[in-house]
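Take a look at the structure set out below.
Only the coordinates and a few stated rules stand behind these numbers; no lab work does. Just so it is clear, the model here is predicted, and its values are computed rather than measured. Virtual Cβ from ideal backbone geometry, glycine too; neighbours counted across all protein chains shown.
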Amino acid sequence: MSNKITIQKVELYKLSILLKEPFITSLGRDDSAENVLVRIKTNMGLTGYGECSPYMPINGESADTCFVVGQYFARALKGKDPLEIEEQVNIMDKIIYGNTSIKSAFDMALYDIVAQQAGLPLYKYLGGENNKTIITDYTVSIGEPAKMAADALIIKEQGYPAIKVKLGQNGQKDVERIKAIREAVGKTIPIRIDANQGWGVHEAITTLNALAPFDIQYCEEPIPRWAFMELVRVRKETSIKIMSDESCGDEHDAERLIQLRACDYMNIKLGKSGGIFKALKMVKLAEAAGIHLQVGAFMESRLGMTAFAHFALCSPIIQHFDFDTALMFSEDLVTGGIVYEKNGVVKVPDTVGLGASVDESRLGKLEKIVI
């Protein structure tokens, strides 16, 4: 019998969970999380878990496309060494362009395995320490100003240290929205805004300047991502700090934005980068440029969020955390993993690997395919 560790089996599961209430942005409305779980089993008894939350308007993927493309990856990676992550990432990239969401789920499961093999929690395998407090903000969906203000006040009263507000549907009304929120929550709690590409360039400049008196911490992706060259102008002509999101997918995007001096911060999401392997390259670029980072999420469960939290411990330059969407789920299928404590504090497990899984009895009820 060979002592070489290999990928023996890959399982893909569709995970659909209703949200407590609709999550609404300038890109659309979500009533449920439609995710894909990946479970990779090795011949040596190690099992790795991964998850993605595809979002068609941003990464062009759905749970259905992930399920199909994931089968290509499963067949190609079967029999390969899960510890050789760069090799497996390259294989996936050669099979198909893009599809970063499902790639990130495979990447996550591979990192779970390699950290278990090393006998380390994932954050420690990535070179990090569990030495900073991760505190998530909480998001207000876009809507009528009065409803948004009421939602923001609830978030403040629940003890979250910062409120994130979805904007991007008419700049003038967005100003009304923030005015109502600031009046409701007072002057002390930070407000972060996310336009999700909803403004034109002139509208972004006008709106951000109008929002300046309301003490906005930063604005995510104010203009369409294809107009990233114009981010330079938006940044120069406004005082609110700019965080790139949709325009910053992988390390190539990050390098381009840094060279352009287009943003003050960057938001890393594994579902955009294709996983941890490429996201680590983005961190190195940001460290060299002195640009602080946020680690964000789509609509992943606590399983995916656990991977994001481990990753967020890999560098002190990661200072902002947007891990709230798992709290919006109507049910929690995850065993182990991060713990959400009071006031938005997120505790990362010190168990080896990812430290999160899904109970076998719950997996048995999900649509699946086994390779």
Near LYS269, which aspartates and glutamates are there with a Cα under 12 Å away, not counting those fewer than 8 places off in the same chain? ASP245, GLU246, ASP250, GLU251, GLU300, ASP322
The alpha-carbon center of the stretch 75-124 and that of the stretch 331-358 are separated, in whole Å, by 21 Å
Pick from LYS187, LYS173, LYS236: which is most flexible by mean-square fluctuation in a GNM of the chain where alpha carbon atoms under 10 Å apart are linked? LYS187
Give the long-range amide H neighbours of GLN197: residues separated by 5 or more places, or on another chain, with amide H under 5 Å away, using H modelled in the peptide plane at 1.01 Å from N. ILE223
Shape verdict for the chain, please, from the Cα gyration tensor: rounded (a/c under 1.5), prolate (a/b greater than b/c) or oblate. prolate
Cut-off is 10 Å between beta-carbons; in what order do THR133, THR6 appear when sorted fewest neighbours first? THR133, THR6
CD proxy, 222 nm, the chain: helix-only mean residue ellipticity via -39,500 (n - 2.57) per DSSP H run with n ≥ 4, per residue, nearest 500, stands at -11000 deg cm²/dmol
Check: C-alpha center the stretch 177-251 vs C-alpha center the stretch 13-28, spacing in Å is 24 Å
What is the order of THR100, THR188, fewest Cβ neighbours within 10 Å to most? THR188, THR100
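I need TRP226, TRP199 ordered by Cβ neighbour count within 10 Å, fewest first. Intermediate results must be reported in sequence, preceding the final value.
Details: TRP226 10, TRP199 26.
The most exposed by this proxy come first: TRP226, TRP199.
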Name the residues whose placed amide hydrogens come within less than 5 Å of the amide hydrogen of SER32, ignoring near sequence neighbours (fewer than 5 apart) on the same chain. LEU19
